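Chemist: Before I ask anything, here is the structure I am working with.
The values are calculated or read from the model by the stated rules, or taken from the named source; none is laboratory data. What you see is a predicted model, and the numbers here were worked out from it, not measured in a lab. Every residue, glycine among them, receives a Cβ derived from its backbone with ideal geometry; neighbour counts consider all protein chains shown. Ligands, DNA and RNA are excluded from the accessible area calculation, which covers all protein heavy atoms including side chains. Shrake-Rupley method; radii C 1.70, N 1.55, O 1.52, S 1.80 Å.
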Amino acid sequence: MSKQNDRALRIYNEVLGLERLHYGIWLPDDELSTEKLKEAQERYEDYLVENIPDNVASILDVGCGTGILTKKLIGLGYDVEGLSPDITQKNNFIENINATFHHSTFDDFSVADRYDCLIMSESAQYIQMDKIFENAAKSLKKDGYLMICDYFVLPNATGVLSKSGHDFEDFMDHIKNNNFTVIAENDITEQVTKTLDFGKNMIEKVYKAIEIGTEKIREKYPRISKLVLRLFKNKIDKLKRQTQLLDSDGFKLNKTYRFVLLQLKS
Ligand SMILES: C[S@@+](CC[C@H](N)C(=O)[O-])C[C@H]1O[C@@H](n2cnc3c(N)ncnc32)[C@H](O)[C@@H]1O
């Protein structure tokens, strides 16, 4: 899968106007608004930047999305490169950012001893677990850092929410078995899940608008309306299942969202 075009991420970016493709760190009293989501996403990015160790100069932004973090890091004086397998992201990066871009998955990425730090902001979940550590160890300089911020699946997770993300216990085992030391680790699940409440809220508003907008047609043509509903039953059921992915209580029961900073052992 060397070239991808992630439509879900394009919807966030092109339809919702979100420049960032991660959850964000919310404040407890934040209302559910696009403005607050944007602030939460910026706060999350600041958090990642604050946690970059002092001796880091060169960084690879792995799964760089729209390249907004890459740009920020360049502005702060870091020597940064971006990587993504996505063709839209590649075109956007090349057009807007004056830095090296690698059009590849990290799984297939191969350079030796080049970076002081790799940042995987919500991209580790897409990379095969073995390859995260194998290719990070190869591409990092001596004593280099691997920063991962992402969600993981908890033991005993069930249902749709257990389907995406790496298994957390397996991830922690991989750290132990792969020559990395944990420098920092933080569970930020509570701070990120308002993004799901925001998404659910928006979808419910869209459903309501469709219901109101089709009311007259349903009254005028009840039989045809029932037939259409029957024809689209599978699609509607699929949408309902996907809405379960936006259940923040379910997320907290089945997943954990972690910040982890690792260092390659000499
Ligand atoms: C949820 S987005 C996160 C984007 C960005 N890092 C951010 O925090 O906004 C996931 C990113 O990982 C990229 N990606 C998907 N599969 C990948 C892989 N196997 N190797 C590296 N990046 C991958 C996607 O194209 C996208 O850029």
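Chemist: From the C-alpha coordinates alone, can you work out the Kirkwood hydrodynamic radius of the chain, in Å?
Modeler: 20.1
Chemist: Add +1 for every Lys or Arg and -1 for every Asp or Glu among the other residues with Cβ under 11 Å from the Cβ of Ile74, and state the total.
Modeler: Details: positive: Lys71, Lys72; negative: Asp61, Asp79, Glu81.
So the surrounding residues net to -1.
Chemist: Put a dot 7 Å past each Cα toward the Cβ at Ser110 and Glu169; how far apart are the dots in nm?
Modeler: 3.5
Chemist: If you don't mind, there's one more thing I want to ask. How much of the DSSP bridge set in the chain is antiparallel, in percent, rounded to the nearest 5? Numbers along the way, then the final one.
Modeler: Values: 16 of 36 bridges.
The antiparallel fraction comes to roughly 45 percent.
Chemist: Separate question: If one puts a single equal scatterer on every Cα of segment 194-244 and applies the Debye formula without solvent, what log₁₀ I(q)/I(0) results at q = 0.30 Å⁻¹?
Modeler: -1.11
Chemist: A follow-up question, please. Could you please state how large a percent of the accessible area of segment 194-244 is carbon and sulfur, counting protein chains only and using a 1.4 Å probe?
Modeler: On the way: 2840 of 4550 Å².
Of all accessible area on segment 194-244, carbon and sulfur atoms account for 62 percent.
Chemist: For an R0 of 35 angstrom, estimate the FRET efficiency from the Cβ-Cβ distance between Ile87 and Lys235 and round to the nearest 0.05. Kindly include the intermediate steps, with their values, before the conclusion.
Modeler: Numbers: r = 27 Å, r/R0 = 0.76.
Computed FRET efficiency for Ile87 and Lys235: 0.85.
Chemist: Report the full-extension gain for the segment Glu42 to Asn96: residue separation times 0.36 nm, less the Cα-Cα distance, to one decimal in nm. It would help to have the intermediate numbers written out before the result.
Modeler: Working: separation 54, 0.36 × 54 = 19.44 nm, distance 1.92 nm.
Full-extension gain reported as 17.5 nm.
Chemist: Still on this structure, I have one more. Give me the accessible area per residue for segment 134-197, probe 1.4 Å, as a whole number in Å².
Modeler: Numbers: 2980 Å² over 64 residues.
Averaged over the residues of segment 134-197, the accessible area is 47 Å².
Chemist: Sequence gap at least 6, Cα distance under 8 Å: using those rules, report the relative contact order of the chain to the nearest whole percent.
Modeler: Values: 428 pairs, mean separation 53.5, N = 266.
Taking the mean separation of contacting Cα pairs over the length of the chain, I get 20 percent.
Chemist: So, one more: Stick to the Cα atoms of segment 52-113, pair each with every other, and give me the Kirkwood hydrodynamic radius in Å at one decimal.
Modeler: On the way: mean 1/r = 0.0845 Å⁻¹.
Across segment 52-113, the inverse of the average 1/r is 11.8 Å.
Chemist: Connecting C-alpha atoms closer than 10 Å in a GNM of the chain, tell me which of Asp86, Asp237, Asp46 has the biggest fluctuation.
Modeler: Looking only at Asp86, Asp237, Asp46, the biggest GNM fluctuation is shown by Asp237.
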